[in-house]
Amino acid sequence: MQDAQATAKMLSEALPYLQRFSGAVVVVKFGGNAMGDDAAMAEFARDIVLMRQVGVHPVVVHGGGPMINDMLGKLGIKSEFVRGKRVTDKATVQVVEMILSGLVNKRIVQAIMDAGGRAVGISGKDDDLMVCEADDPELGFVGRPVEMNVQVLRDLYNAGIIPVVAPVATGMKDNETFNVNGDTAAGAIAGALQADRLLLLTDVPGVKDASGQVMTQITPDEIRQMTADGVISGGMIPKTETALMAIEQGTRAVTILDGRIPNACLVELFTDHGAGSQIRA
Ligand code: X2W
């Protein structure tokens, strides 16, 4: 009985948050490192289905870097990263598309359906969702989104279907295929949808200040200053850059949070506590 009372109290406390996020568009980036084992995947899927059940429109954008590394290793194709992005030649981009659009995308779609939701997996190629140019000649087939056509996502979520997007895209010419960093793709999608929230699930607790403390609230100006001072560095740079871009394009707030904590998305959206570092203007 005590447990039942506690559960009921918890649901009741969530009411203002459920009301606030009813009808909200929330883009969630689910990275390869956060995917972990089947149990972590199942828990993530359950949280996404719960969001949908209470009237949020979740849009999942995924990564899969570690899974790409595994397959490249099996095929004997060497791979390196420059400034957080994979140098991608023709052979590599084929593997990236197979792993992201195939293996990883369908695993997430299946997990959402196992949790009782409806999901459809697409890539940035479908319905020209994300059209790219080469990001940097040094990186080969790495794309920078230049044209977004997000109506397909609205059509899906308005029909009660959770879109699951692989960060692979078409080029402006010759039907080239581009490999897009998962964070970059999620930011471009959140910006184009003018999303209420972008949640970047990662494997660190958030953005740390000079003394190593996780900052719970940060402004874009503070991010710029901390980047100039070298306080924000390494793998955090693509994430904070993505956050700034999404906010400039009209996303209301971006949270960088630790996808390894249980029910990370629910803690962030539906509790007083929140999780990770929230960036808003
Ligand atoms: C990434 C795409 C996958 C990704 C890659 O090839 O690994 C680039 O680096 P995570 O799991 O989110 O790191 N693309 C251009 O972003 O995966």
For region 16-41: of the residues being modelled with pLDDT of 95 or more and among the aliphatic types (A, V, I, L, M), which is farthest from the ligand (Cβ to nearest atom)?
Ala24
Of everything in region 176-197, what is within 14 Å of the ligand (Cβ to nearest atom) and not in a loop (DSSP other than H, G, I, E, B)? Give them in sequence order.
Thr177, Phe178, Asn179, Gly182, Asp183, Thr184, Ala185, Ala186, Gly187, Ala188, Ile189
Please tell me if Lys74 is assigned to a loop (DSSP other than H, G, I, E, B) and basic (Lys, Arg).
no
Please tell me if Ile112 is away from the ligand (no atom under 12 Å from the Cβ), open to solvent by less than 30 Å² (accessible area, probe 1.4 Å) and closer than 19 Å to Gly36 by Cβ.
yes
Can you pull out the residues in region 122-143 that are away from the ligand (no atom under 15 Å from the Cβ), in contact with a Ser or Thr (Cβ under 8 Å, 6 or more places away or on another chain) and not in a loop (DSSP other than H, G, I, E, B)?
Asp128, Val131
Residue set Val164, Val146; condition surrounded by fewer than 16 Cβ atoms within 10 Å (Cβ to Cβ) and within 16 Å of the ligand (Cβ to nearest atom); output residue Val146
Restricting to region 42-64, name every residue that is under 21 Å from Ile161 (Cβ atoms) and within 11 Å of the ligand (Cβ to nearest atom).
Val61, His62
Search result, residues across region 71-88 that are touching a residue at least 24 places away in the same chain (Cβ under 8 Å) and surrounded by 14 or more Cβ atoms within 10 Å (Cβ to Cβ)
Met71, Gly84, Lys85, Arg86, Val87, Thr88
Output yes when any residue across region 208-223 is in a helix (DSSP H, G or I) and either of a type in the set (Ser, Thr, Tyr) or loosely packed, with under 13 Cβ neighbours inside 10 Å (or both), and no when none is.
yes
When (1) on the phi < 0 side of the Ramachandran plot; (2) in contact (Cβ under 8 Å) with a residue 12 or more places away in the chain are applied to Gln19, the one that fails is (2)
Select from region 179-194 the residues that are more than 16 Å from Ile247 (Cβ to Cβ) and touching a helix residue (DSSP H, G or I) at 6+ places or on another chain (Cβ under 7 Å) and write down the one among them that is least open to solvent (accessible area, probe 1.4 Å).
Asn179
For region 33-56, state whether one or more residues are in a strand (DSSP E or B), in contact (Cβ under 8 Å) with a residue 12 or more places away in the chain, buried (at least 16 other Cβ atoms within 10 Å of the Cβ) and in contact with a strand residue (DSSP E or B) (Cβ under 7 Å, 6 or more places away or on another chain).
no
Within region 80-100, which residues are of a type in the set (S, T, N, Q) and more than 11 Å from the ligand (Cβ to nearest atom)?
Gln94
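The values are calculated or read from the model by the stated rules, or taken from the named source; none is laboratory data. Treat the numbers as computed from the prediction; the structure is a model and nothing was measured. Quick reminder, even Gly has a Cβ in these numbers, built from the backbone with ideal geometry, and neighbours come from all protein chains shown. These area figures cover heavy atoms from the full protein model, side chains too; ligands, DNA and RNA do not enter into them. Shrake-Rupley method; radii C 1.70, N 1.55, O 1.52, S 1.80 Å.
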